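Student: Below is the structure I would like to discuss, written out as structure tokens.
The values are calculated or read from the model by the stated rules, or taken from the named source; none is laboratory data. All values derive from a computational prediction rather than experimental measurement. Neighbour counts run over all protein chains shown; Cβ positions are idealised from the backbone, glycine included.
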Amino acid sequence: MATAQESPEYDAIVIGGGPAGSATALGLARAGKKVVVFERRTFPRFHIGESMLPYTAGILDQLGLLELFGPDDYPTKWGAEFCSAEGMFRRVDFTAQGGGRREAAFQCERALFDEVLLREPARPARDRRGRRVLGVIIENDRTVGVEVRLGEETKQVRARFVMDASGRAGIISNQTFKQREPNTRLQLVAYFKHYTDVDEANNPGVEGDIQVGNHPDGWLWAIPIHKGVLSVGAVTPAANLRGRNPEDVYEEHVSRVGRINQRLAGASATAGVRGESDYCYYTNTVVGNGWFLVGDSGCFIDPVFSAGVYLGVVSGTKAAEAVVQILDGADETATAQQYENFYKTGYDCYTRLIYAFYESNFNFMAYVRSLGQQAVNIEGRWISRLLSGDFWSELNPVGAHLRAERRYDTFAPFPFVYGCPVYPEQDAREKQEMLANA
Ligand SMILES: Cc1cc2nc3c(=O)[nH]c(=O)nc-3n(C[C@H](O)[C@H](O)[C@H](O)COP(=O)(O)OP(=O)(O)OC[C@H]3O[C@@H](n4cnc5c(N)ncnc54)[C@H](O)[C@@H]3O)c2cc1C
């Protein structure tokens, strides 16, 4: 039963307590704003997305949170191995980034990571878990709050802004305004399991690295989420699965890439196969009257380069900054628009990277070589940096080439907002140096 309408209680309501929602709540709470998080699940809860980027570690460090994710519970990740069914492999080394960037990332069990991220920083915000948002309240074309399910009761809660961090559910973009577009280039499904009793002696690569293994019908990931525990996933076009048993397809695909499969000798799966589908989508409209989208609620493209949590935390942090500015008197339309263009600049760069990877048959270096003479001066550090999360820098020549590829355009044209959110000073200094040497 709906209760009587209430007057605005909050500066902002955050829908969803994943990484994007936690970062949003943190930014608002630290600025002294009154914020509440509504999360439908009781944490800790399973979530896929277990490999972090060096720039994810960088943004967590900037937020003063990195020490929560120490190596005892979160294996250190120094690089990424790209291997194939034919036994070939190549490693991207994050220590090659240069320029004072953080050289390592970490792997995580998301149930643990998300719980810590929500619990620690959002403590000053009022964090109410186990509360499902049913929809938003719109009055005079403005979003003024949400309807939330509290046990048997439905209650209206009002705020100046509603921050949608509901991930794939997409309360505002997907369910309310139907603005979400499927990414028709990537219609993929992912199946995965966790394995225990994994013997590191069977790892042919570098301890802690993610492995990405390709084969003719898709690719696999292998991510060590704890000592002796490996997450192994299989990604394949949805069309490959029609009429087939997912467990059989998963097992057969995992058996194809020897460098990953050999790690499972003597290991046991903790449960049957789990799956995710329909996760490749985007939207051109990231802000509206009284609302902002952060993280996956707006876009998600593909997990192959492990950027989802990074994009969620960065966009949550920036959206919180924008709302704080507006609440403190900045022009709402201009500030929100700037955020939208910032959001799309990062997701656009990541999308292009993914397209180049798939188009060059899982060999990103083949894409770089396809640039011919233009690629001659591209140093390895730019590739390492891009794969580490360097999505907002104007300087990165690989990013610049990707942005020039008209066939990779996804969003409707928009003005890019450059400037690395993680290393703004290094980015600005390098720009000065490049201009001085030009
Ligand atoms: C197969 C696969 C593999 C991936 N691998 C990686 C990886 O290795 N590394 C990486 O960084 N990313 C990876 N990702 C992406 C990553 O998981 C997401 O990008 C990331 O979780 C986004 O964070 P978020 O906070 O936006 O959304 P989520 O983490 O999904 O959080 C959204 C939250 O909103 C809550 N919610 C939803 N609806 C409601 C409602 N009505 N009311 C209240 N709460 C609600 C949900 O319960 C959830 O807790 C992967 C994704 C897929 C599909």
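Student: Tally time: how many residues in segment 297-336 are assigned to a loop (DSSP other than H, G, I, E, B), modelled with pLDDT of 95 or more and buried (at least 20 other Cβ atoms within 10 Å of the Cβ)? Step through it out loud before you land on a result.
Tutor: Pass one, segment 297-336, residues assigned to a loop (DSSP other than H, G, I, E, B): 298-299, 301-307, 328-331.
Now drop any that are not modelled with pLDDT of 95 or more, which leaves 298-299, 307, 328-331.
Okay, now just the ones that are also buried (at least 20 other Cβ atoms within 10 Å of the Cβ), so 298-299, 307.
The total comes to 3.
Student: Being surrounded by 13 or more Cβ atoms within 10 Å (Cβ to Cβ), part of a loop (DSSP other than H, G, I, E, B) and either more than 14 Å from the ligand (Cβ to nearest atom) or at pLDDT below 95 (or both) is the requirement here; does residue 243 meet it? It would help to see each step written out before you state the result.
Tutor: Working: surrounded by 13 or more Cβ atoms within 10 Å (Cβ to Cβ): no; part of a loop (DSSP other than H, G, I, E, B): yes; either more than 14 Å from the ligand (Cβ to nearest atom) or at pLDDT below 95 (or both): yes.
No.
Student: Hey, could you check segment 1-30 for residues that are outside any helix (DSSP H, G or I), at pLDDT 95 or above and aliphatic (A, V, I, L, M) and say which is nearest to the ligand (Cβ to nearest atom)?
Tutor: Per the stated criteria, the residue is 15.
Student: Now for a separate question. Can you work out which of the residues in segment 116-146 that are more than 27 Å from the chain's Cα centre (by Cα) and part of a strand (DSSP E or B) is nearest to the ligand (Cβ to nearest atom)?
Tutor: As a first pass, look at segment 116-146 and keep what is more than 27 Å from the chain's Cα centre (by Cα): 137-142, 144.
Checking which are part of a strand (DSSP E or B) leaves us with 137-139, 142, 144.
Values: 137: 14, 138: 16, 139: 20, 142: 20, 144: 17 Å.
Step by step, filter segment 116-146, then rank; the result is 137.
Student: So which pairs qualify, if the first residue must be in segment 285-314 and among the hydroxyl-bearing types (Ser, Thr, Tyr), the second must be in a strand (DSSP E or B) and more than 6 Å from the ligand (Cβ to nearest atom), the Cβ gap must be under 6 Å, and the two must be at least 6 apart or on different chains?
Tutor: 297/164
Student: Taking the condition of being within 9 Å of the ligand (Cβ to nearest atom) and surrounded by fewer than 23 Cβ atoms within 10 Å (Cβ to Cβ), how many residues in segment 286-296 meet it?
Tutor: 0
Student: Residue 278 - would you say it is under 24 Å from residue 356 (Cα atoms), within 13 Å of the ligand (Cβ to nearest atom) and either surrounded by fewer than 20 Cβ atoms within 10 Å (Cβ to Cβ) or basic (Lys, Arg) (or both)? Let's see the steps before the verdict.
Tutor: On the way: under 24 Å from residue 356 (Cα atoms): yes; within 13 Å of the ligand (Cβ to nearest atom): yes; either surrounded by fewer than 20 Cβ atoms within 10 Å (Cβ to Cβ) or basic (Lys, Arg) (or both): yes.
Yes; evaluated as a whole, the condition is true for this residue.
Student: Further question: Select from segment 40-98 the residues that are charged (D, E, K, R) and touching a Lys or Arg at 6+ places or on another chain (Cβ under 8 Å) and write down the one among them that is surrounded by the most Cβ atoms within 10 Å (Cβ to Cβ). Let's see the steps before the verdict.
Tutor: From segment 40-98, those charged (D, E, K, R) are 40-41, 45, 50, 61, 67, 72-73, 77, 81, 86, 90-91, 93; that's our starting set.
Next, only the ones that are touching a Lys or Arg at 6+ places or on another chain (Cβ under 8 Å) stay: 40-41, 50, 61, 81.
Numbers: 40: 18, 41: 16, 50: 24, 61: 14, 81: 20.
My answer is 50.
Student: Now for a separate question. In segment 348-365, is there at least one residue being basic (Lys, Arg) and modelled with pLDDT of 90 or more?
Tutor: Of the residues in segment 348-365, the ones basic (Lys, Arg) are 352.
Filter once more, so that each one left must be modelled with pLDDT of 90 or more: 352.
Yes, the conditions are met somewhere in segment 348-365.
Student: Checking residue 99 against (1) at positive phi; (2) small (Gly, Ala, Ser); (3) out of contact with any helix residue (DSSP H, G or I) (no Cβ under 8 Å at 6 or more places or on another chain), which test does it fail?
Tutor: That leaves (3) as the condition not met.
Student: While we're looking at this one, here's another question. Looking at the structure I just gave you, is residue 176 touching an Asp or Glu at 6+ places or on another chain (Cβ under 7 Å) and over 30 Å from residue 255 (Cβ atoms)? Lay out the reasoning, then the answer.
Tutor: Numbers: touching an Asp or Glu at 6+ places or on another chain (Cβ under 7 Å): no; over 30 Å from residue 255 (Cβ atoms): yes.
It is false that residue 176 is touching an Asp or Glu at 6+ places or on another chain (Cβ under 7 Å) and over 30 Å from residue 255 (Cβ atoms).
Student: Next question. Could you tell me whether any residue of segment 379-392 is assigned to a loop (DSSP other than H, G, I, E, B) and on the phi > 0 side of the Ramachandran plot?
Tutor: Of the residues in segment 379-392, the ones assigned to a loop (DSSP other than H, G, I, E, B) are 379, 389-392.
The next check asks that each one be on the phi > 0 side of the Ramachandran plot; those that pass are 389.
Yes, the conditions are met somewhere in segment 379-392.
Student: Considering only residues that are free of Cβ contacts under 8 Å to residues at least 60 places away in the same chain and either under 22 Å from the mean Cα position of the chain (by Cα) or over 18 Å from residue 370 (Cβ atoms) (or both), which ones fall in segment 401-416? If you could, list the steps in order and put the result at the bottom.
Tutor: Just the residues of segment 401-416 that are free of Cβ contacts under 8 Å to residues at least 60 places away in the same chain, to begin with: 401-409, 413.
Within segment 401-416, 402, 403, 408, 409, 413 meet the criteria.
Student: Now a separate question. Which one is surrounded by the most Cβ atoms within 10 Å (Cβ to Cβ), of the residues in segment 206-240 that are without any contact (Cβ under 8 Å) to a residue 40 or more places away in the chain and part of a strand (DSSP E or B)?
Tutor: The selected residue is 230.
Student: Applying the selection to segment 366-391, what residues are of a type in the set (Gly, Ala, Ser) and modelled with pLDDT of 80 or more? Talk me through it step by step, then tell me what you get.
Tutor: To start, the set of residues in segment 366-391 that are of a type in the set (Gly, Ala, Ser) comprises 366, 370, 372, 375, 380, 384, 388-389.
Passing the criteria: 366, 370, 380, 384, 388, 389.
Residue-by-condition table, conditions (1) free of Cβ contacts under 8 Å to residues at least 12 places away in the same chain; (2) over 22 Å from residue 310 (Cβ atoms); (3) touching an Asp or Glu at 6+ places or on another chain (Cβ under 6 Å):
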residue: 11; (1), (2), (3): no, yes, no
residue: 19; (1), (2), (3): no, no, no
residue: 23; (1), (2), (3): no, no, no
residue: 29; (1), (2), (3): no, no, no
residue: 46; (1), (2), (3): no, no, no
residue: 52; (1), (2), (3): no, no, no
residue: 64; (1), (2), (3): yes, no, no
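Student: Away from the ligand (no atom under 16 Å from the Cβ) and within 19 Å of residue 74 (Cα to Cα): does that describe residue 308? Don't jump to the end; show me each part of the working.
Tutor: On the way: away from the ligand (no atom under 16 Å from the Cβ): no; within 19 Å of residue 74 (Cα to Cα): yes.
Answer is no for this residue.
Student: Just one of (1) within 15 Å of the ligand (Cβ to nearest atom); (2) at positive phi; (3) out of contact with any helix residue (DSSP H, G or I) (no Cβ under 8 Å at 6 or more places or on another chain) trips up residue 112, so point out which.
Tutor: (2)
Student: Quickly run through segment 173-202 and pick out the residues that are modelled with pLDDT under 95 and either basic (Lys, Arg) or buried (at least 19 other Cβ atoms within 10 Å of the Cβ) (or both). Write out each step before concluding.
Tutor: So in segment 173-202, the residues modelled with pLDDT under 95 come out as 181-189.
Across segment 173-202, the qualifying residues are 183, 185, 186, 188, 189.
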